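The values are calculated or read from the model by the stated rules, or taken from the named source; none is laboratory data. In this text the structure is predicted, and so the values were computed from the model without any measurement. Don't worry about glycine lacking a Cβ; one is built from the backbone with ideal geometry, like all the others, and counts go over all protein chains shown.
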Amino acid sequence: MSKYLLVLAAFVMASPVYADFTTNFGSATKYMFRGVKQSDADIVINAGVDYTGPFGLYAGAWGYTGSIEDFDTSEVNAYGGFAYSLGNLALGGGVIAYERGGDKLDNNEYNFNLAWNAYRLSVYQDDDNTYEYKELAANYEFWDDAGMAFTAGLLTPDESKELWNYSVSVVMAMPSQVDFEVLLTNQQKKGYSLVLGISQQFDW
């Protein structure tokens, strides 16, 4: 994670003073990625740092681990890209670098995002062209401190396979920028999973 944070720190120090810089810290009952559980730990701890600059540029790093015995499957992601808004329409693109300990996951993924109001379509492609992932999402707010999100994703490892996953989540905003989330996911081969999580954001 240190190399990603050094890159992000250099980016932030070279940025204008009117850029936004936030950090976050949280915990969840498990870490799910596209409907698949990634860690065997009962509780995972996660933290991240995000930079938002001028002209729609952004960069960040995020990582998680479970118990002390679970460091081999801890994961760190670094990402960067751009996002521009034209009225209710938003367009963006970026790259995500994944690195995990135990199973030596180490790859880059490129993404393209198109959003209109509460709806978003994203397409992800790894740098070796071994798979493609498409995701359709919808986010709705109700009351002043709660929201709900729906997603449907399609992973295509090759031309002969397709794996679907779905999720629905409810997020409740609490004082001091603390969010509580309930997430229900379903993956075509792995079945259903229920995740409870809590996180806090800090603005700098």
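For the condition outside any strand (DSSP E or B) and surrounded by fewer than 16 Cβ atoms within 10 Å (Cβ to Cβ), Ser85 does not qualify. Filtering region 164-182 to residues that are surrounded by 13 or more Cβ atoms within 10 Å (Cβ to Cβ) and either touching a Leu at 6+ places or on another chain (Cβ under 7 Å) or small (Gly, Ala, Ser) (or both) leaves Trp164, Ser167, Val168, Ser169, Ala173, Val182.
Listed by first and then second residue, the pairs with beta-carbon distance under 6 Å, at least 6 apart or on different chains, first residue in region 157-178 and within 27 Å of Glu141 (Cβ to Cβ), second surrounded by 13 or more Cβ atoms within 10 Å (Cβ to Cβ) and of a type in the set (S, T, N, Q), are Trp164/Gln188; Asn165/Gln187; Tyr166/Asn186; Ser167/Thr151; Ser167/Thr185; Gln177/Gln200; Gln177/Gln201; Val178/Gln200. When restricted to residues that are assigned to a strand (DSSP E or B), farther than 26 Å from Val49 by Cα and in contact with a Lys or Arg (Cβ under 9 Å, 6 or more places away or on another chain), region 172-193 contains 2.
Annotation note: of Lys104, Lys37, the sole residue that is in contact with a strand residue (DSSP E or B) (Cβ under 9 Å, 6 or more places away or on another chain), among the basic types (Lys, Arg) and at pLDDT below 95 is Lys37.
Each row is one residue, and each column tells you yes or no for (1) touching a Cys at 6+ places or on another chain (Cβ under 7 Å); (2) assigned to a loop (DSSP other than H, G, I, E, B); (3) surrounded by fewer than 17 Cβ atoms within 10 Å (Cβ to Cβ).
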{"site": "Asp40", "(1), (2), (3)": "no, yes, yes"}
{"site": "Ile45", "(1), (2), (3)": "no, no, no"}
{"site": "Gly48", "(1), (2), (3)": "no, no, no"}
{"site": "Phe55", "(1), (2), (3)": "no, no, yes"}
{"site": "Gly60", "(1), (2), (3)": "no, no, no"}
